[in-house]
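So the structure is just underneath, and the comments pick up after that.
Rule-based calculations on the coordinates, nothing more; no lab input. Keep in mind that this is a model prediction, so the values were computed, not measured. Methodologically, a virtual Cβ is constructed for each residue, glycine included, from the backbone with ideal geometry; neighbour enumeration extends over all protein chains shown.
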Amino acid sequence: MKILVTGGAGFIGSNFIRYLLAAEPDAVIVNFDALTYAGNLASLKDVESNPRYLFVKGDISDPESVKEVFANHQPEIVINFAAESHVDRSILSAAEFVRANVMGTQVLLGAAREFKVSRFCQVSTDEVYGSLKPGDPPFVETTPLQANSPYAASKAGADLLVRSYVHTHGLDAVITRCSNNYGSYQFPEKFIPLFTINAMRDQELPLYGDGRNVRDWIHVLDHCDGVWSAAKKGRAGEVYNFGCDNEWANIDIAHLLLEILGKPQSLIKLVKDRPGHDRRYAMGFAKAARELDWQPQVQFETGLAETVRWYQQNTEWWSNVISGEYQSYYQRQYGKGGVVG
């Protein structure tokens, strides 16, 4: 079973590759990643010598590179994690998000159709649904798309392209949408690793607005299990939401992190809110439970404590990311070649 994982050097993609190698002993995984700032091959150091794993450097928005990887490796299943995903960066400059998330998805869809893949799985986000008010029911798969940031809009556009290829070309594809992920190997610009690392270094925790924005948090390995369940068992053309019924205000997460680390609550500093900041996300996952027999397994307080412990024990990994040293890992390990495995 040959599986092409795009964006496999990112946070969720690298965890998915590790998950899949353990869960599917017959799977051969090709990791196709452009190694932009958020791609870090050091996150896969423990599997790079696995004979069932292969890395190919390339950009999903480059038709020639995409066609080459499809032609050379003939994947049966494509899982598209590749995306620009940081909301703050999309507010500053949206062009790269449109290129990577919309155009890149279109290029992949065209190749998937040309090479007749048996299943295409588009990994999306809860942010395409917009924002919930207090007391609103969680998002479901039929909630209208109301993207409020350039990042969310680019992901919604990609989702609609996937839908169009199902209905126009008969491509066998599914879309997954997930709530906020946490876990090991997450890029330090994101909320939980940023606050964890800052607290470990006795630095301020910059919290947007009043800190009462609410998110539904899910462990990255529960998300990986959901994506693979959808890829294996989901119905073509369907959307599957993955959440955890685990809503927390950002300020409460900050308090909990400081409590775990034994640091003073005075490190929290409220800062000016970002433009268009969605107030609340929550994901209903009854459809995934019913059709895919999926349920989240990791209890949040336990998972968060384990995540904090991982960052405490892996200072070299995040220090290299913060310094930029991680960007030379590919060159040090593999030289100038584009294929590793």
Next item on the list: Count charges around W248 for me, please; just the other residues with Cβ under 12 Å from its Cβ, Lys/Arg as +1, Asp/Glu as -1.
Entry: -2
Next item on the list: Scale the Cα Rg of region 1-117 by the rule-of-thumb value 2.2 N^0.38 Å and send over the ratio, two decimals.
Entry: 1.03
Note to self: For region 218-341, report the % of Cα-Cα distances exceeding 24 Å.
What the structure shows: 55 percent
Note to self: Per 0.36 nm of contour for each residue apart, how much would the distance between K232 and E24 grow if the chain were fully extended, relative to their Cα-Cα spacing?
What the structure shows: 73.7 nm
Item checked: Solvent-free Debye scattering, log10 I(q)/I(0), computed from the Cα coordinates of region 62-174 at q = 0.13, 0.14, 0.17, 0.21 Å⁻¹ -> -0.52, -0.60, -0.83, -1.12
Checklist line | Straight-distance crosslink candidates among aspartates and glutamates, where the alpha carbon sits under 15 Å from K133 and sequence neighbours closer than 8 are dropped | finding: D216, E247, D278
Next item on the list: Find out how many positive minus negative residues lie around L292, taking Lys and Arg as positive, Asp and Glu as negative, among other residues whose Cβ is under 13 Å from that of L292.
Entry: -1
Notebook entry, point to check: For labels at D273 and H255 in the simple 7 Å Cα→Cβ model, what's the distance in nm?
Noted result: 2.0 nm
Item checked: Stretchable slack from E96 to R290, in nm (0.36 nm times residue separation minus alpha-carbon distance) -> 66.1 nm
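Work out how much length R113 to E204 would gain on full extension: take 0.36 nm times their residue separation and subtract the Cα-Cα distance, in nm to one decimal.
Working it through step by step, the gained length comes to 27.8 nm.
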Next item on the list: Measure out, as a whole number of angstrom, how far apart the alpha-carbon centroids of region 200-243 and region 1-46 sit.
Entry: 18 Å
Margin query: Starting from the Kirkwood Rh over alpha-carbon pairs, what translational D in µm² s⁻¹ does the chain have by Stokes-Einstein at 4 °C and 1.567 mPa s?
Written below: 64 µm²/s
Item checked: Range of Cα positions in region 134-222 per principal axis (Å), largest first -> 55, 32, 25
Margin query: Quick check: Cα centre of region 297-331 to Cα centre of region 50-99, how many Å?
Written below: 23 Å
Item checked: Under 5 Å, built H, 5+ apart or other chain: amide partners of N50 -> none
Checklist line | Highest-MSF residue in the chain out of F300, F187, F285 [GNM, Cα springs under 10 Å] | finding: F300
Check: Assuming a viscosity of 1.306 mPa s and a temperature of 10 °C, what translational diffusion coefficient in µm² per second does Stokes-Einstein assign to region 190-279, Rh being the Kirkwood radius over Cα pairs?
Finding: 106 µm²/s
Margin query: Once you place label points 7 Å from the Cα toward the Cβ at L194 and D245, how far apart are they in nm?
Written below: 3.1 nm
Next item on the list: Take the chain, connect every pair of alpha-carbon atoms lying under 10 Å apart with a spring to form a Gaussian network, then pick out the residue of E48, E189, E325 with the largest mean-square fluctuation.
Entry: E325
Margin query: Out of all DSSP beta bridges in the chain, what portion is antiparallel? Express it as a percent rounded to 5.
Written below: 10 percent
Checklist line | Per-peptide average of other Cβ atoms within 10 Å, ordering 15-22, 276-283 highest first | finding: 15-22, 276-283
Check: Along the Cα-to-C-beta direction of K2, a point sits 7 Å from the Cα; which residues of region 26-67 have their amide N less than 11 Å from that point?
Finding: 28-30
